[in-house]
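Trainee: Below you'll find the structure I mean.
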Amino acid sequence: MNEEIPNFQADFLTFLASTKEVEISKLYTFAIDSLIFADKVHTFHWKCDSGFQHTHFETIYEDIRDFADALVETVLSMGVKFKAESKTYTITDDLYDVSNALLKIEAYRDTIIDLKSQYSTKISLENLFGDIVEKLDKELGLIKNFK
């Protein structure tokens, strides 16, 4: 009977480790999604109405690309090998207007806020998510308030 307890513990620890790896590796897919979204924001940058918007959409897509890179590097530092699911993406799926662009960026930011709460026990991830939300909020506020 005593021999079963260590085996059960080992099996349970293996289960926890594999569950953690699957959960954390989902962040790799989100990083790729972020890179694709950055390209979408890049098209907003090309189609915007003013030089002011052009500058701030550029800042947003650069911030998102930097965030994706930092996210992958953070997860790699946790010892989870890079693995991402393959998807098909459409970059220009709708007509551009500033209101629609801002809604898409806000929805992306909201997804990051959800992730931040899901990974609140991982301080490095929580800080990374918090930093990009702060940057996006700043740029969104500037675009909305200074057209």
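Taken together, the values in this text are just the output of simple stated rules run on the coordinates, not laboratory data. If you're wondering where the values come from, they're calculated on a predicted model, not measured in any experiment. Cβ: placed from backbone, ideal geometry, glycine included. Neighbour counts: every protein chain shown.
Trainee: Kindly list, by first and then second residue, each pair from a residue in region 129-146 that is farther than 20 Å from residue 117 by Cβ to a residue that is surrounded by 13 or more Cβ atoms within 10 Å (Cβ to Cβ) and polar (S, T, N, Q), limited to pairs with Cβ atoms under 8 Å and residues at least 6 apart or on different chains.
Mentor: 139/59; 143/53
Trainee: Which ones in region 97-123 are farther than 20 Å from residue 33 by Cβ and of a type outside the set (Val, Ile, Thr)?
Mentor: Answer for region 97-123, where residues must be farther than 20 Å from residue 33 by Cβ and of a type outside the set (Val, Ile, Thr): 97, 99, 120.
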